Structure formats: structure tokens, C-alpha cells
Amino acid sequence: MMTDPIADMLTRIRNAVRIERPTVEMPLSKVKRGLAEVLKREGYIWDWAEVQSQPSNQLRIELKYGPNGERVIRHLKRVSKPGRRVYSKAERLKPILNGLGISILSTSHGVISDREARQRKLGGEVLCELW
């Protein structure tokens, strides 16, 4: 039984980037779909797709690398965990690495990046940080 599917997703991405795999697959959920969409919008992955399979559908993420094979995702960290939830208001969201990285939040308007949250003045649960 998996207690933290978001941490599992982040670990799969982190491991795939470390061995320079072009794609990674994981079980699909609405939150994972939102995380993948934010990663695509912010330019950390090429694309994502839903793959029909049994017993459950899969989320396939196409990882992004630089022209010489350098990693686009260098650091990926889960912030809010099942044992300790972390929430933040829009005013308290500070840029990660002076704007070089992002935080991803789960808000009442869906999963969004910290930049979007500051623009919309929305707070929420801080899911992860990456750069």
C-alpha cells in the first residue's frame, strides 16, 4: 500500500533523470496530472500523456534534457508530507533560487506554480520544490 503517491511520482522522476531516461511512467491521478501540466508549462518536461492500460491508466512523462545532455531538473524535493502538511499564503511564497526554481502548490483552483499563485494571490499546500 502506497501512503504518498506524490512522493512516489517525484522519486520516479528523480531516478529517471539520474539515469537519463527519455520517459517515465507511473499510475495516473488528478493531482499527478496537474503536477505534470505545471512541469510542462514551466519548461521542465517536454510533454505528458495518459496511457490506457490495465488495471489502471498510466501517466507517461517525456523528460527534458539540454543540447549536451545536461539535466533540466537538478533538484526535486517533497515539501508537504502526509505526516507534516505545509501550507503557505501567497504573500509568504518566496522565489526559489531567486526565480531559477519553482514551488508547486495545490490550491482551491487546482495545481499551480508559485509564480501563478503570487499573481492570482492564492495560497495553498506546498507540494514540492524543484530547480
Whole-Hz ³J(HN,Hα) for each residue in region 27-38, computed from phi via Karplus 6.51 cos²θ - 1.76 cosθ + 1.60 with θ = phi - 60°, x for glycine and proline: what do you get? x, 8, 8, 5, 5, 5, 4, x, 4, 5, 5, 5
Length released on extending from Thr23 to Glu125, taking residue separation times 0.36 nm less the Cα-Cα span: 34.0 nm
Read through the labelled values [x] 50, 34, 27; [y] 56, 39, 30; [z] 40, 38, 24 and report the label of the one computed as Cα extents along the principal axes in Å from the structure. [z]
Using θ = phi - 60° and the Karplus curve 6.51 cos²θ - 1.76 cosθ + 1.60, what whole-Hz ³J(HN,Hα) does each residue of region 101-112 get, with Gly and Pro shown as x? x, 9, 10, 10, 10, 9, 10, 5, 9, x, 8, 9
Let's see if you can work this out: charge +1 on each Lys and Arg Cβ, -1 on each Asp and Glu Cβ, no other charges. What is the dipole magnitude of region 1-125 about its Cα centre, in debye to the nearest 20? 500 debye
Pairs over 19 Å Cα to Cα, from Lys32/Lys81; Lys64/Lys121; Lys89/Lys121; Lys30/Lys64, come to Lys64/Lys121; Lys30/Lys64
Under 14 Å by backbone N from the virtual spin label 7 Å along Cα-to-Cβ at Arg60, the residues of region 1-27 are 22-27
Solvent-accessible area, 1.4 Å probe, carbon plus sulfur percent, for the chain: 49 percent
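The values are calculated or read from the model by the stated rules, or taken from the named source; none is laboratory data. It should be emphasised that the depicted structure is a prediction, and the values quoted were computed from it without experimental measurement. Ideal geometry is used to build each Cβ from the backbone, glycine not excepted, and the neighbour counts take in all protein chains shown. Keep in mind that these areas ignore ligands, DNA and RNA; they rest on the heavy atoms of the full protein, side chains included. Shrake-Rupley method; radii C 1.70, N 1.55, O 1.52, S 1.80 Å.
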